[in-house]
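Visitor: Once you've had a glance at the structure underneath, I'll fire off some questions.
The values are calculated or read from the model by the stated rules, or taken from the named source; none is laboratory data. All of these numbers come straight from a predicted model, not from anything done at the bench. Please note: Cβ atoms are built from the backbone with ideal geometry, for glycine as well, and neighbour counts cover all protein chains shown.
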Amino acid sequence: MKTLRRFRPYFPLLKPVRIEFVIALLCGLAAGALSGAGIPVLLYKVVPVVFQDHDLTTGDLWFYCLLPAMVMGARGIFSFYNLYLLGFCGQSMLEQLRVDLFAKLQRLPLGFYHKNPPGELVSRAMQDTNLVQQSLIVVAQEIVKQPATLASAIGFLAFLSMKHSQVAYLLIFIIAIPICIVPIRLIGKKLKKKATILQFELAETTNRICQNLEATQEIRAYNLEERETTRFRESAQRVSRGFLKMAKYNIVLSPIIEFIGALGIGAGLYYTYQSRIDEGAFTALLAALFLCYDPVKRLGQLNNRMQEGLAGLERVEHILHEDEPIRDPENPQVLPDPVRGEVAFEKVSFAYAEAPVLRSVSVKLEPGKTYALVGSSGAGKTTFANLILRYYDVVDGRVTVDGLDVRAITQHDLREQISVVAQSPVLFNDTVRGNIAVGKLGVSDEAIEEAARKAYAHDFISAMTDGYATEVGPSGARLSGGQRQRIALARAFLKDSPILILDEATSALDAESERFIQLAMEDLARKKTVIVIAHRFSSIQRADEILVFEAGQIVDQGSHDELLHRGGVYGKLYKAQSLDG
């Protein structure tokens, strides 16, 4: 029962199909009752007629001949609907569990994904949820049916034992039950441990596949095919061994319970020989005794399934119960309409796992200006941009947009005002049109084409066989790096937000395209707050102001000429890149 209580919080997932679920349970109850009492009663009534009563009318004869078919037919119908409806309910529950898990993943902080590889999360979303669903449905199927079978069989066994003074049959069953419980508990504990290990190995195997598919070019370039195949074979072998160990513990329980049951039936046979009861009573008692042991065996197997499901549930709950540090306020404030796009950092400090990244940063970014963030790797430039988006919350100080703390605004409203073009833009396995439309869902084709023109992407898109309907492939694999980046820029133009963050946005463009983009960006910057993260000084010299980062602080700021004149950190960085160039 303790294990069953662990699944209780997930029973509400069955709410949309509660009527079907109740019908399924009632059908299971009926099927169990017909199994536990119907068959022994049938034998108790029919056997004496067949062996002793030869004076039946034709109608009575037909009744007794058809009675087994009616009982078994009714049991079959109830069993069918029990299994079918539970399968239907199970799929509904599995769908909702996966949706809840997926929705939770959308809300978790970026740091969570740095600690958990994609393959691991895919395994939990697919394999572990499936294991939980199967366990819950088996529980629902057997938790009513088998106790009903057991209770009705015990009831009839007690009735016959009292009527024919054969109490020994009842005593045999009562003595055997505690003996059966011992292996059920021991095997259940072992099975949970093995199931946990197996789910971990399955996740590792899934993760290895994902990593391999993401690194196809690197694997071939460095001739790693054989090494990767060997590693996968070893991982697959561990999974196979895990399944075999699980199968061993699942299989071994049945023969143990059957052996104990056979000993009980043997004792019953011996007692019957001594007491000389009639054929009908003996057959019915034997059937009732057998039908008492079968539910015990199935309930033991049910415990095994619950232990397997519990192993999957714990891994699913690792995600469902993960803390969400970035939460919307209970009473959010509303940004002014229209949003100007003024961004301010007020003594902001931030750290990743207690490692300081930004230290007491204060700066105001005014609307209509372009700001370039410059500094060596790890200086805090990307973190600065991430805090504006509220991918993380500050440790000290505050970040504001138009005077409002970003923590006082809903994440949706905040990010609606910000467009982002990443250093390595992610494209979905969709059409060119669909990928640009990510910037603003539901817009017209004309608006999408206009955004593409502004990003100087329209010409190469039109040159494709299917134009804007061209499928870009997984992660945009059918496009060049520069084309992918211009698609990402088109998204930003389409979204037309007052704040624009460009993380190495033009790094993959050829010189001519970059020149056109810079011209377009100048026009865009007149109305927006533009933040450019770049290492190439050629792309930021036209910025209105350059913020120089070092060791998590803004150590200097000004125009390109002003900073060069002052020398300092900017001068050193510029000189170093000029020498490299």
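Visitor: Could you please let me know if Met126 is at pLDDT below 75 and not β-branched (Val, Ile, Thr)?
Guide: Spelling it out, it is not the case that Met126 is at pLDDT below 75 and not β-branched (Val, Ile, Thr).
Visitor: Hey, another quick one. Pick out the one residue from Asp294, Asp328 that is closer than 28 Å to Leu97 by Cβ and either at pLDDT 70 or above or surrounded by fewer than 20 Cβ atoms within 10 Å (Cβ to Cβ) (or both).
Guide: Unique residue meeting the criteria: Asp328.
Visitor: Out of the stretch 536-559, which residues are under 27 Å from Ala355 (Cα atoms) and among the acidic types (Asp, Glu)?
Guide: Once the filter is applied, which keeps residues that are under 27 Å from Ala355 (Cα atoms) and among the acidic types (Asp, Glu), the stretch 536-559 yields Glu550, Asp556.
Visitor: State which residue pairs qualify: first residue of a type in the set (A, V, I, L, M, F, W, C) and inside the stretch 443-468, second residue surrounded by fewer than 16 Cβ atoms within 10 Å (Cβ to Cβ) and part of a helix (DSSP H, G or I) in any location, beta carbons under 7 Å apart, and separation of 6 or more residues or different chains.
Guide: Ile461/Gly467
Visitor: Please tell me if Ile501 is modelled with pLDDT of 90 or more and either assigned to a helix (DSSP H, G or I) or among the hydrophobic types (A, V, I, L, M, F, W, C) (or both).
Guide: yes
Visitor: Does Arg491 satisfy being free of Cβ contacts under 8 Å to residues at least 60 places away in the same chain, under 32 Å from the mean Cα position of the chain (by Cα) and in the same structural domain as Val374 (by TED's automatic domain parsing)? Quick ask: steps written out before the conclusion?
Guide: On the way: free of Cβ contacts under 8 Å to residues at least 60 places away in the same chain: no; under 32 Å from the mean Cα position of the chain (by Cα): yes; in the same structural domain as Val374 (by TED's automatic domain parsing): yes.
No: the conditions fail for Arg491.
Visitor: Next question. Looking at Val122, Val138, Val144, can you tell me which residue is within 24 Å of Leu213 (Cα to Cα), assigned to a helix (DSSP H, G or I) and in contact (Cβ under 8 Å) with a residue 12 or more places away in the chain?
Guide: Of Val122, Val138, Val144, the one residue that is within 24 Å of Leu213 (Cα to Cα), assigned to a helix (DSSP H, G or I) and in contact (Cβ under 8 Å) with a residue 12 or more places away in the chain is Val122.
Visitor: Given the conditions (1) under 22 Å from the mean Cα position of the chain (by Cα); (2) at pLDDT 85 or above, and given that Glu234 satisfies all but one, which numbered condition is not satisfied?
Guide: (1)
Visitor: Continuing with the same structure: Here are some residues: Asp323, Asp294, Asp337. Which one is in a loop (DSSP other than H, G, I, E, B), within 37 Å of the chain's Cα centre (by Cα) and of a type in the set (Asp, Glu)?
Guide: Details: Asp294 fails: in a loop (DSSP other than H, G, I, E, B); Asp337 fails: within 37 Å of the chain's Cα centre (by Cα).
Residue meeting the stated conditions: Asp323.
Visitor: Spot the failing condition for Ala355; the list is (1) without any contact (Cβ under 8 Å) to a residue 60 or more places away in the chain; (2) in contact with a strand residue (DSSP E or B) (Cβ under 8 Å, 6 or more places away or on another chain), and only one is missed.
Guide: Unmet for Ala355, out of (1) without any contact (Cβ under 8 Å) to a residue 60 or more places away in the chain; (2) in contact with a strand residue (DSSP E or B) (Cβ under 8 Å, 6 or more places away or on another chain): (2).
Visitor: Taking the conditions exactly as written (in a helix (DSSP H, G or I), out of contact with any Pro (no Cβ under 7 Å at 6 or more places or on another chain), of a type in the set (Lys, Arg) and without any contact (Cβ under 8 Å) to a residue 40 or more places away in the chain), does Arg220 satisfy them or not?
Guide: yes
Visitor: Which ones in the stretch 205-231 are within 25 Å of the chain's Cα centre (by Cα) and acidic (Asp, Glu)?
Guide: Glu214
Visitor: Looking at (1) surrounded by 13 or more Cβ atoms within 10 Å (Cβ to Cβ); (2) in a helix (DSSP H, G or I); (3) modelled with pLDDT under 80, find the lone condition where Leu56 falls short.
Guide: In the conditions (1) surrounded by 13 or more Cβ atoms within 10 Å (Cβ to Cβ); (2) in a helix (DSSP H, G or I); (3) modelled with pLDDT under 80, Leu56 misses (2) alone.
Visitor: Surrounded by 13 or more Cβ atoms within 10 Å (Cβ to Cβ) and not hydrophobic (A, V, I, L, M, F, W, C): is that true of Asn250 in this structure?
Guide: Yes; evaluated as a whole, the condition is true for this residue.
Visitor: Now for a different question. Find the strands (runs of 3 or more DSSP E) located wholly in the stretch 343-446 whose residues include 1 or more that are at pLDDT 90 or above and farther than 19 Å from Ser497 by Cα, and list them.
Guide: Details: elements: 343-352, 355-365, 370-375, 396-401, 418-421.
Here the list reads 343-352, 355-365, 370-375, 396-401.
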